[in-house]
Amino acid sequence: MLTELTNNAKVVGAKQVKRAVEAGTARKVFLASDADPRVTGPISALCGEKGVAVETVPSMKELGKACGIAVGAAVTALLQL
């Protein structure tokens with residue numbers, strides 16, 4: 001599941017993910033279940049409107065590690081090639 005993030009093009013963070021979903025370049029969005037719902041809620045709703053697949057990850061720390069960053073991440077998106 002998170003191994004997809006290791007080797008593929010991605011964006012990390014609410015602003016970049018929102019931009020990618022709106023532009024139609026996001027293939028799949030990952031949301032951390034322990035992230036603030038004020039951050040993840042609007043992204044989840046936007047993904048529903050645009051038909052982008054959403055996957056929930058147990059923790060921000062795990063999502064950040066999968067993205068290769070030293071801090072937690074609330075949202076990440078895999079990009080279309």
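A few notes on this one:
- Between Lys10 and Leu79, the built amide H atoms are under 5 Å apart, and every one of these is 5 or more places off in sequence or on another chain.
- Here the chain has 55 percent of its accessible surface on carbon and sulfur atoms, given a 1.4 Å probe and all protein chains in place.
- Anisotropy class of the chain from Cα gyration tensor, a/c 1.5 cut: oblate
- In the context of the full set of protein chains, the chain has a per residue accessible area of 57 Å² (1.4 Å probe).
The values are calculated or read from the model by the stated rules, or taken from the named source; none is laboratory data. Because the structure is predicted, anything quoted here is derived from the model rather than measured. Ligands, DNA and RNA are stripped out before the accessible areas are found, and what is left, the full protein with its side chains, is counted by its heavy atoms. Shrake-Rupley method; radii C 1.70, N 1.55, O 1.52, S 1.80 Å.
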